[in-house]
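This report concerns only the one structure given below.
The values are calculated or read from the model by the stated rules, or taken from the named source; none is laboratory data. Owing to the predicted nature of the structure, the values given are computational and were not obtained by experimental measurement. Don't worry about glycine lacking a Cβ; one is built from the backbone with ideal geometry, like all the others, and counts go over all protein chains shown. These area figures cover heavy atoms from the full protein model, side chains too; ligands, DNA and RNA do not enter into them. Shrake-Rupley method; radii C 1.70, N 1.55, O 1.52, S 1.80 Å.
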Amino acid sequence: MKKTIFFILLCVLSLNLVYADNDQSAKSDQMIKKAQAKNKVAIKLKNEWRDTRKLIKSAKKAHSNKDYNKALKLAQEALNQATMAVEQHNSQKDKYR
């Protein structure tokens, strides 16, 4: 009886890990796509920051290696940089250099 309960508990826990892994995969993939979209806006404004593409590339590589936490962290940083690049352009577009 104890072995049966232990086996059922083990199956339930392993299913939870599988679903959690898929959830992290989806989150990191979605964040990478958001970062790419925002960076395309910065590129069109001709105000792309230096490291944003490198961060996106590193996030894609981490995602393909199934290191979803690292991919999510890198993609968030890339999204932050792309957003700041767009904001910088908007705040400085009327000023002469």
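Structure data summary
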| item | result |
| --- | --- |
| Search result, residues across region 29-80 that are closer than 23 Å to Lys93 by Cβ and among the small types (Gly, Ala, Ser) | Ala35, Ala37, Ala42, Ala78 |
| Which listed residue is in contact with a helix residue (DSSP H, G or I) (Cβ under 8 Å, 6 or more places away or on another chain) and surrounded by fewer than 18 Cβ atoms within 10 Å (Cβ to Cβ), from Lys38, Lys27, Lys33 | Lys27 |
| Number of the condition not met by Asn47 [criteria: (1) polar (S, T, N, Q); (2) open to solvent by 70 Å² or more (accessible area, probe 1.4 Å); (3) farther than 27 Å from Ser25 by Cα] | (2) |
| Which listed residue, of Ile56, Ile8, is of a type in the set (A, V, I, L, M) and at pLDDT below 95 | Ile8 |
